[in-house]
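Colleague: Okay, handing you the structure first.
The values are calculated or read from the model by the stated rules, or taken from the named source; none is laboratory data. Only a predicted model underlies this, so the values are computations on that prediction, with no experimental measurement involved. Every residue, glycine among them, receives a Cβ derived from its backbone with ideal geometry; neighbour counts consider all protein chains shown.
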Amino acid sequence: MIKIVIDIDGMMCGMCESYINDAIRQNFNVKKVKSSHTKGQTEIIAENDIDDNKLRQVIDQTGYKVLSVTKSPYEKKGLFSFHKK
């Protein structure tokens, strides 16, 4: 799994967050997407990598501007994850 953090310029409210989240869900197969207008970020959790250019294109079409895209491996933290070493 992969975690993608996108810095986005232009989000001002909860409706902006919903608009971005819906656009991502409609165009990509994601496990989870969460946006924050106060942080100016969207976090995506997906099984497979997402093409940066396609991601930028989808968000640009919503009227917002992608400032950066950061990717890192994602490991789900469960209730009993403290037992793993």
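Colleague: What about residue 42, is it surrounded by 16 or more Cβ atoms within 10 Å (Cβ to Cβ) and either at pLDDT below 95 or in contact with a Pro (Cβ under 7 Å, 6 or more places away or on another chain) (or both)?
Modeller: Numbers: surrounded by 16 or more Cβ atoms within 10 Å (Cβ to Cβ): yes; either at pLDDT below 95 or in contact with a Pro (Cβ under 7 Å, 6 or more places away or on another chain) (or both): no.
Considered against the rule, which asks whether it is surrounded by 16 or more Cβ atoms within 10 Å (Cβ to Cβ) and either at pLDDT below 95 or in contact with a Pro (Cβ under 7 Å, 6 or more places away or on another chain) (or both), residue 42 comes out as no.
Colleague: Residues of the stretch 64-77 being more than 12 Å from the chain's Cα centre (by Cα) and either in a helix (DSSP H, G or I) or surrounded by 11 or more Cβ atoms within 10 Å (Cβ to Cβ) (or both), which ones?
Modeller: 64, 65, 67, 74
Colleague: Can you confirm whether residue 60 is in contact with a Gly (Cβ under 7 Å, 6 or more places away or on another chain) and exposed (fewer than 15 other Cβ atoms within 10 Å of the Cβ)?
Modeller: Values: in contact with a Gly (Cβ under 7 Å, 6 or more places away or on another chain): no; exposed (fewer than 15 other Cβ atoms within 10 Å of the Cβ): yes.
For residue 60, the condition - in contact with a Gly (Cβ under 7 Å, 6 or more places away or on another chain) and exposed (fewer than 15 other Cβ atoms within 10 Å of the Cβ) - is not met.
Colleague: Can I ask one more? Of the residues in the stretch 10-31, how many are loosely packed, with under 12 Cβ neighbours inside 10 Å and under 18 Å from residue 71 (Cα atoms)?
Modeller: Within the stretch 10-31, the first condition is being loosely packed, with under 12 Cβ neighbours inside 10 Å, and the residues that meet it are 12-15, 18, 26, 29.
Now narrow it down to the ones that are under 18 Å from residue 71 (Cα atoms): 29.
Final tally of qualifying residues: 1.
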